[in-house]
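Take a look at the structure set out below.
Values in this text are rule-based calculations from the coordinates and carry no lab data. As the structure is a prediction and not an experimental result, all values here were calculated from the model. Note that each Cβ is placed from the backbone with ideal geometry, even for glycine, and that neighbours are counted across all protein chains shown.
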Amino acid sequence: MALLSVYPKEKVIVNKRRVLDVMPSQSIILFMTDRKSIIAPSVLAADFSDIGKALKLVESAGAEWVHLDVMDGCFVPPITFGAQMAAAIRSGTDLPLDTHLMTVNPGKHLEAFMKAGVDRFTFHIEAEIHAHRLIGEIHKSGAKAGIAIVPSTPVSLISELLGYIDQVL
């Protein structure tokens, strides 16, 4: 299940079966509704000087994934961390790493994060001209692919990609 905030009102086709009318600032459950919700705490809220302790806390709380908010300071401020930190996080947990690439040209970072052991990649449609190609590269690596959109982006921009991705953020 994925929670997607949408703006402005438009008709959204979900899996070519349903059409939804979506109002501004309305959050809807869109895509993956046949699956359960996943709790994926972000390490962005952790004390980076003791990331191991934060990971143990996340695991003991029953989280199923660990969410990595990767920000490059260009697509969104501020700069957070890169693949080296993701590798350190990978060494501290066996939970799947769900990486949200809030970067300009997200495909440029893919190989480094794959080597770091990331399991899922979500990139912003606004930052990637060749989304189909990047989704294919992600899947070819054995990872899951997702699309994120900013609230002002029309949902229709990703409607053709829904059959190729594993999650929407």
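Quick notes on this one:
- Residue under evaluation Gly92, criteria (1) out of contact with any strand residue (DSSP E or B) (no Cβ under 7 Å at 6 or more places or on another chain); (2) in contact (Cβ under 8 Å) with a residue 40 or more places away in the chain; (3) over 24 Å from Asp50 (Cβ atoms), criterion not met: (3)
- Whichever residue in the range 105-138 is within 12 Å of the chain's Cα centre (by Cα) and charged (D, E, K, R) and, among such residues, is surrounded by the fewest Cβ atoms within 10 Å (Cβ to Cβ): Asp119
- In the range 59-76, of all residues being at negative phi and over 17 Å from the mean Cα position of the chain (by Cα), the one that is surrounded by the most Cβ atoms within 10 Å (Cβ to Cβ) corresponds to Glu59.
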